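Some notes on the structure that comes next.
The values are calculated or read from the model by the stated rules, or taken from the named source; none is laboratory data. Here the structure is a predicted model, which means the values were calculated and not measured. All Cβ positions, glycine included, derive from the backbone under ideal geometry; neighbour counts span all protein chains shown. The accessibility values were calculated without ligands, DNA or RNA, using every heavy atom of the protein model including side chains. Shrake-Rupley method; radii C 1.70, N 1.55, O 1.52, S 1.80 Å.
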Amino acid sequence: MASDLRENLEVVPLRHPGRWISGAVILLIIVGLGWAMAEAEIQWEDVPGFFTHPVMLEGLLNTIVLAVAAQGGAIVLGVVIALMRLSANPVARWFAVGYIWLFRGLPVLLQILIWFNLALVFKNISIPMLFTVPTNVVMTAFVAALLGLGLNESAYMAEIVRAGLSSVDSGQTEAAKSIGMTPMTTLRRVVLPQAMRVIIPPTGNNFINMIKGTSMASVIAFLELIHAANNISSRNLEIMETLFAAAAWYLVMVSLASIGQHYLERAYGPR
Amino acid sequence: MALVEAVGVRKSFGHTEVLRGIDLEVDRGEVVCLLGPSGAGKSTFLRCVNHLETIDAGRIWVDGVPVGFRSHGGKLYELREREAAHQRRDVGMVFQRFNLFPHRTALENVMEGPVQVLRRDRAEVRAEAVTLLERVGLAEKAGSYPAQLSGGQQQRVAIARALAMKPKLMLFDEPTSALDPELVGEVLDVMTSLARDGMTMIVVTHEIGFARSVADRVVFLVDGAVVESGTPADVLDNPQQPRTQQFLAKVL
């Protein structure tokens, strides 16, 4: 009734007791977990030392190099496979489908192990008349991990890039054609810059996965963070302390990657 | 010789024949409006002139060059996409949905062709692009992105972008159909002044008033064929064919 305002009734705001209760429960759980960590038999004072231990830093460097190289290669390969997937050539299309099916379908760990053990079945890698090299010389732990992680990731990147390219309105390509642009220039100047908005978020997500995925290279004794942590703890038996130091490095790397993704998204964001 | 010459142009999408043998000539400096009910094949024909669609039969020549082909040693060789791109430099096109590049400013949209396609000097192109934006009345919007412009403003930038390539021929594919009614006039004004300056234009439109006042010739299409063609006075005010009379009775 319109008479509310005239009679000057007091207004009682809606209360939210449920929010206060659930908030308190969450805080209680966090305090409890913190208490448990403090009470646990962990030599917290040793963790910073392991964090900056030379072996740990070497593992960190190797992890970064492996993740960046594998992701970089995967992006380039992914663009190529995506273009093949969208090509007018049926052979190229089917190759792309098969490529994605194979490298996305097998566990990364399995792929790393297969590459690492390649010398068991192929003694030499050669292109007839060009070169021949013994497989066990080429297929170091780094190369095997790079291939295993990179090829798997390239299959995912191909799908991400394809989704990105398909998201750009066909009118854009027509407009580019109408001013005489060649297909390559159209891709570079018109389609890819707009596809980036769709491509960047899942790529950032995948890169974060890649950083953590490098840990699988520890099974072939590649000196990344986990293997470095194991090396250190095998001497002093402070297993949890070294693992926590490695964990801290992963969180640092992932945080930096997230920040980088944020700025990339802003650079290609909507106008 | 006519600037555009189309002979027996046929085009099918699947089992639907959209163009059933179109013959059309457009002289230099002439403005031709294509009218007709939707689905008549007006837009499809326009896209064939720019080789955005390939034709199944017949031939189109622009300035004596067969569209989509290279003539050599008594044979016509079908063009690769990058060669076709070279042919399209001489023909400007304006789309119903503007199709401006959303990640570039108005000025950058206009500069894109001359810089990226013709590889011309940036500073020189910039000066020309500013002049073109002035000509379409948008000098103060040079730094705006398409999303910050109204539909009418976007379409005028799109016209400037096409003109930047200094085309011999301009194709307009329903340039005002996606616009709010009050924005149609500003785009038609730009097109009218372009026609007055002697540009050769083929315009697919539903704006009968524009056709009447600007077109040298009106061509009426139904079901992929030319039904009637002539001066606006003949076709619009004194149509001979029943199909034309029906259509005009509905839109006028």
Point to revise | Check on residue B:136, farther than 30 Å from residue B:19 by Cα, of a type in the set (A, V, I, L, M) and touching a residue at least 24 places away in the same chain (Cβ under 8 Å) | key: yes
Check your understanding: Is there a residue being free of Cβ contacts under 8 Å to residues at least 12 places away in the same chain, touching a helix residue (DSSP H, G or I) at 6+ places or on another chain (Cβ under 9 Å) and within 14 Å of chain B (Cβ to nearest Cβ) anywhere in segment A:256-267?
Key -> yes
Exercise for review: Mind listing whichever residues of segment B:83-111 are in contact (Cβ under 8 Å) with a residue 24 or more places away in the chain, more than 7 Å from every other protein chain (Cβ to nearest Cβ), in a helix (DSSP H, G or I) and of a type outside the set (Gly, Ala, Ser)?
Suggested key: B:87, B:107, B:109, B:110, B:111
Point to revise | Any hit, segment A:111-119, residues being of a type outside the set (S, T, N, Q), open to solvent by 60 Å² or more (accessible area, probe 1.4 Å), out of contact with any strand residue (DSSP E or B) (no Cβ under 8 Å at 6 or more places or on another chain) and assigned to a loop (DSSP other than H, G, I, E, B) | key: no
Practice item. Determine whether residue B:108 is modelled with pLDDT of 95 or more and either open to solvent by 30 Å² or more (accessible area, probe 1.4 Å) or more than 21 Å from residue B:162 (Cβ to Cβ) (or both). Key: yes
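Kindly provide the set of residues from segment B:150-174 that are under 17 Å from residue B:137 (Cα atoms) and not in a helix (DSSP H, G or I), ordered by number.
B:150, B:164 - these are the residues of segment B:150-174 that are under 17 Å from residue B:137 (Cα atoms) and not in a helix (DSSP H, G or I).
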Review point. Among A:213, A:180, A:150, which is touching a residue at least 12 places away in the same chain (Cβ under 8 Å), of a type in the set (Gly, Ala, Ser) and more than 12 Å from residue A:75 (Cα to Cα)?
Key: A:213
Exercise for review: Look at residue A:105 and say whether it is surrounded by fewer than 16 Cβ atoms within 10 Å (Cβ to Cβ) and modelled with pLDDT of 95 or more.
Suggested key: yes
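Taking segment B:159-207, which residues are hydrophobic (A, V, I, L, M, F, W, C) and either open to solvent by 10 Å² or more (accessible area, probe 1.4 Å) or over 28 Å from residue B:226 (Cβ atoms) (or both)?
Step one: of segment B:159-207, the residues hydrophobic (A, V, I, L, M, F, W, C) are B:159-160, B:162-165, B:169-172, B:178-179, B:183-184, B:187-188, B:190-191, B:194-195, B:199, B:201-204.
Those that are hydrophobic (A, V, I, L, M, F, W, C) and either open to solvent by 10 Å² or more (accessible area, probe 1.4 Å) or over 28 Å from residue B:226 (Cβ atoms) (or both): B:160, B:163, B:164, B:165, B:178, B:179, B:183, B:184, B:188, B:190, B:195, B:199.
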Exercise for review: Return a yes/no flag: does segment B:39-50 have any residue that is farther than 30 Å from residue B:252 by Cα and either within 14 Å of chain A (Cβ to nearest Cβ) or in contact (Cβ under 8 Å) with a residue 40 or more places away in the chain (or both).
Suggested key: yes
Check your understanding: Yes or no: residue B:43 assigned to a helix (DSSP H, G or I) and either buried (at least 21 other Cβ atoms within 10 Å of the Cβ) or not hydrophobic (A, V, I, L, M, F, W, C) (or both)?
Key -> yes
Check your understanding: What about residue A:218, is it surrounded by 16 or more Cβ atoms within 10 Å (Cβ to Cβ), assigned to a helix (DSSP H, G or I), without any contact (Cβ under 8 Å) to a residue 12 or more places away in the chain and not aromatic (Phe, Trp, Tyr)?
Key -> no
Review point. Which residue out of B:7, B:32 is part of a strand (DSSP E or B), more than 13 Å from chain A (Cβ to nearest Cβ), touching a Lys or Arg at 6+ places or on another chain (Cβ under 8 Å) and in contact (Cβ under 8 Å) with a residue 60 or more places away in the chain?
Key: B:32
Exercise for review: Working carefully through the options B:40, B:84, find the one that is touching a His at 6+ places or on another chain (Cβ under 6 Å) and aliphatic (A, V, I, L, M).
Suggested key: B:84
Practice item. Please determine, by comparing only the residues of segment B:117-175 that are among the hydroxyl-bearing types (Ser, Thr, Tyr) and away from chain A (no Cβ under 11 Å), which one is nearest to residue A:194 (Cα to Cα). Key: B:150
Exercise for review: State all residues of segment A:178-190 that are modelled with pLDDT under 95 and more than 7 Å from chain B (Cβ to nearest Cβ); if no residue qualifies, say none.
Suggested key: A:184, A:187, A:188
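Output the residues belonging to segment B:69-105 that are small (Gly, Ala, Ser) and surrounded by 20 or more Cβ atoms within 10 Å (Cβ to Cβ).
B:84, B:85, B:92
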